[in-house]
Amino acid sequence: MLSDVTTPQDLDDRFREALAELAAPPQRRDPARPVTDDTTLTGARALELFDAQATSRQLDLAGRWLRSFDEGFYTIGSAGHEGNAAVAAALRASDPALLHYRSGAFYCVRAAQAARAASADQPEAAQGGADQPGGAADGPAEDAPAGPAEGSRPDAPDPDDPTGGPLVDRPFSPEYAEAARDVLRGMVASSREPLAGGRHKVFGRADLAVIPTTSTIASHLPRAVGMGLAVERLRRLDTAGRRDGVRTGSGGDDAYTPWPPDAVVVCSFGDASVNHASATAAFNTAGWYDHTGLRIPVLFVCEDNGLGISVRSPKGWVETTLRAKPGIRYFAADGDDLVRAYEVAAEAAAWVRRHRRPAVLHLSTVRLMGHAGADAETAYRSAGEIAADLDRDPLTGTARLLVGAGVATGEELLARYDEIGWQVRRIAEEVLDEPKLTAPAEVVAPLAPRRPARVARAVADAAARAAGPGAGARAEAFGGKPPELTGPLTLAQSINAALADGMLDHPQMAVFGEDVGARGGVYGVTKGLRDRFGAARVFDTLLDETSILGLGLGAGLAGMLPVPEIQYLAYLHNAEDQVRGEAATMQFFSQGAFRNPMVVRVAGLAYQEGFGGHFHNDNSVAVLRDVPGLVIAVPSRPDDAAPMLRTCLASAAVDGSVCVFLEPIALYHTRDLYADGDGEWLSHYAEPGAWTGGHLPIGRARVYGVGSAEDVTIITFGNGVPMSLRAAAALADEGIGIRVVDLRWLAPLPVADIVREAAATGRVLVVDETRRSGGVGEGVIAALVDGGYVGAARRVAGVDSFVPLGPAARQVLVSEEAITQGARALLAR
């Protein structure tokens, strides 16, 4: 008698009992024929998909077995979702996929597809499928079985033999075995796992065009929309390498994605995720762009098992929600019906591929063995509910299909199931002895690679191009008068010029965000860029920061160099997981196989006069400094802004860096430093010949000497730089020598410069315009302590408060008076 809880043993026993109850088919069917009269799915292909489903099931059982003796660390399985094998079969191996964590069967099928495509020595689109370019009708992506091509092994089935015996008796697919090894290595955190290298259990491999997702609580959906928009935009721009895939690494490595111009982006997720803000953002953005006439070839796949851990999706809610999404075509199928799932998935994929428009496939599934290994379902589900799900087991459904069609017997399928189980268990035992990550350096190695020499070389190459073969185009872009000839510039003007130079040097660079196009940004920083470079490269987005960053993530992954703008720092906070959970983790969880280079421009910090409140004067950057590997640049001067932006663009192109370029709003149009009209905060723009010598590497500070510069070291950034220079001038009149250190980079901090300049005076005043708690000053003080500094130190920082409106803001922000008082207090010790 089975228990009310679907343990691995219960599930296995139930499947065996179901197979034993299947009557032998009255006659055998030729496996080359469709399994039913209303499908194109052949018996041979259905058998291959059964093997993929069985492999996925056995992986789930092996995961629970490994966990039982503390050698497995991930037990969220795919049992009940094996119908996604049909979705994979309806797509091409070159269609980029971002997968739900219950995608074991999909992953196995994709591995076999990719192996077949690689061995064919021709573009996959030519291998068959009615939906390929020039096809007569929508239909399956390929007609061949999902596993290795027939004839690729000595035991390949004879198409003239209607018995089906050789097909059923064939050895375990080496492609499925390799996919199983990938998954099992992830479960045991083996450092030999091919993508994440033991850092997480993911479905992902570059040669399979499967992009790793590590949360799948809808956070990957905005990226999928961005990928779709980028693939279509690159196709329409007819960029270099269009026939062989889109070019990647603008300004860095020359590489090509394996995604053809007619690729479809597929993105799967669970039913509970449709309620997540990130999902709402992605659906809305896809529909919004479709409404404007832009094309986004994305197939969303909602795998609906009716549960979000223990919380039920109300009956009919998911369908009602998905059907109501404007601009997104709705398809639906039952995941435990292989034929119907395959036909509908093929129809949906073909529709997206042909029309280049978004669609959603609502795949009804069940969840077997609970949410994960420790989930006691009986706490929130009745025995009847659990039994009803067992009756809808997709693996059993596929077995019934094969036996009913005369392709196999129950005994033969059980033999296949046991053979696969034995092979999976054997592989599980092998990976147990593989090495784990054992040192911090190993863990963080792929997090944020830094190759400063190559970045410097990229800047030098850009300078050579701008001064040489690109000089004519540059002169034309600037209307015959390049910025170095226009006189001293403000911070905003310098950034604008550097963006234009970046657009000229990086053909696949795109600038986008709210109001950046027609208006040129709310502060004029992107003024004129759309007129110079066109609406395909400089464009306005809808008002949603999650979507703006998602577009950047997808564009970077697809080979572009995205420069999204977040209009105000405070607006970033509702979308920050796109930076933390998605952007910053990509190289970490793929060992650099995938990357999403991006330079996020953010207008921020405080001190705006006559316009404010906490949304327009946000002085909190703690959430950004906490993100591992993130580069944070804060230029305060015009002559620093341009070279720092060039460095960020080069680092993104060369190393795949994710950079935040935080621009102090209050300094955008500042002209004077000490007195009205002195023009001391303006700077000339460097001509290309000076770019190499003026290169500013990541993590290097700038030092100003005022007076003797021997008494106090002030360490600051952003708005703190001009305030500290003015305070230093006042102190110099009293005979006090100050050196002012502009950090320029908040991550990574210029630690060597900090320690050196602090030791030069033995007295350090940290001027931090962010908040006292969690502010930049805490990191500076920690760096001093870790660096062995033993002198005196004080901090002047913003109050732990939101920035109020009007004159009250001065009560919570750092002032020049506070800086001078702090310096005097240090000297009085």
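Please compute the Kirkwood hydrodynamic radius of the stretch 1-116 from all pairs of different C-alpha atoms, in Å with one decimal.
For the stretch 1-116, inverting the mean 1/r across all distinct Cα pairs yields 16.1 Å.
On average over all directions, what projected area in square nanometres does the stretch 649-720 have, based on the convex hull of its Cα atoms?
Computed as one quarter of the Cα hull surface, the answer is 7.2 nm².
Over the stretch 476-542, what lengths in whole Å, largest first, do the semi-axes of the equivalent ellipsoid take, defined as the square roots of 5 times the eigenvalues of the alpha-carbon gyration tensor?
For the stretch 476-542, the semi-axes come out at 19, 14, 9 Å.
Quick one: Cα convex hull volume of the stretch 254-410, Å³ per residue?
Normalising the Cα hull of the stretch 254-410 by residue number yields 175 Å³.
Arrange the peptides 779-792, 560-573 so that the one whose residues have, on average, the most other Cβ atoms within 10 Å appears first.
Going from most to least packed, we get 560-573, 779-792.
Between GLU476 and ASP38, what is 0.36 nm times their sequence separation minus the Cα-Cα distance? Round to one decimal in nm.
Length gained between GLU476 and ASP38: 151.5 nm.
Using only the Cα atoms of the stretch 312-384, what are the Rg and Dmax in Å?
Rg and Dmax of the stretch 312-384, Cα atoms, are 15.6, 47 Å.
Need the full-extension length gain, ALA388 to SER68, defined as separation in residues times 0.36 nm minus the C-alpha distance. One decimal, nm.
Between ALA388 and SER68, full extension yields 112.5 nm more.
May I ask you to list the lysines whose Cα is less than 25 Å away from that of LYS436, ignoring any residue fewer than eight positions away on the same chain?
Reachable lysines: LYS201.
Report Rg(Cα)/(2.2 N^0.38 Å) for the stretch 552-613, keeping two decimals.
1.35
So if we plug the beta-carbon distance of ALA825 and ASP733 into 1/(1 + (r/R0)^6) with R0 = 25 Å, what FRET efficiency do we get, rounded to 0.05?
Here the calculated transfer efficiency is 0.85.
At 1.4 Å probe radius, can you tell me the per residue accessible area of the stretch 389-435 in Å²?
Counting only protein heavy atoms, the per-residue value for the stretch 389-435 is 37 Å².
Which value in deg cm²/dmol, rounded to the nearest 500, describes the helix-derived mean residue ellipticity at 222 nm for the chain, given -39,500 (n - 2.57) per DSSP H run of n ≥ 4 and division by the residue count?
Calculated mean residue ellipticity at 222 nm is -12000 deg cm²/dmol.
Which FRET efficiency value, to the nearest 0.05, is calculated for ILE309 and VAL522 with the Förster distance at 30 angstrom and r the Cβ-Cβ distance?
Efficiency computed from Cβ-Cβ geometry: 0.10.
I'd like the projected area of the stretch 429-579, averaged over all directions, using the convex hull of its alpha carbons. Report it in nm² with one decimal.
For the stretch 429-579, the mean projected area of the Cα convex hull comes to 13.3 nm².
State, to one decimal in nm, how far the label point of SER801 lies from the label point of GLU429, with both points 7 Å from Cα in the Cβ direction.
Computed distance between label sites SER801 and GLU429 equals 7.0 nm.
Using a 1.4 Å probe over the heavy atoms of the protein chains, calculate the carbon and sulfur portion of the accessible area of the chain as a whole percent.
Of all accessible area on the chain, carbon and sulfur atoms account for 52 percent.
Scattering from the C-alpha atoms of the stretch 695-796 alone, worked out with Debye: what is log10 I(q)/I(0) at q = 0.12, 0.17, 0.20 1/Å?
Computed log10 I(q)/I(0) values: -0.33, -0.68, -0.95.
Using the C-alpha gyration tensor of the stretch 369-511, what are the square roots of 5 times its eigenvalues, in whole angstrom, with the largest one first?
Here the semi-axes work out to 64, 23, 21 Å.
Restricting attention to the stretch 643-726, which chymotrypsin sites (Phe, Trp or Tyr not before Pro) occupy a DSSP loop and are surrounded by at most 13 other Cβ atoms within 10 Å?
Here the sparse-neighbourhood loop sites are TYR674.
Volume per residue, Å³, of the convex hull around the alpha-carbon atoms of the stretch 263-306?
Cα convex hull per residue, to the nearest whole number: 60 Å³.
Using +1 on the beta carbon of Lys and Arg, -1 on that of Asp and Glu, and nothing else charged, what's the dipole of the chain about the Cα centre, debye to 20?
For this selection, approximately 2040 debye.
What is the log10 of I(q)/I(0) for the chain, computed with the Debye formula using one identical point scatterer on each Cα and no solvent, at q = 0.05 Å⁻¹?
-0.31
Over the Cα atoms of the stretch 760-828, Rg to Rh with Kirkwood Rh, two decimal places?
Result for the stretch 760-828 is an Rg/Rh of 1.02.
How big is the Cα convex hull of the stretch 505-581 in projection, averaged over all directions, in nm²?
5.1 nm²
The values are calculated or read from the model by the stated rules, or taken from the named source; none is laboratory data. Remember, predicted model here, so these are calculated numbers, not experimental data. Virtual Cβ from ideal backbone geometry, glycine too; neighbours counted across all protein chains shown. Areas reflect the complete protein model, heavy atoms only, side chains present, ligands, DNA and RNA absent. Shrake-Rupley method; radii C 1.70, N 1.55, O 1.52, S 1.80 Å.
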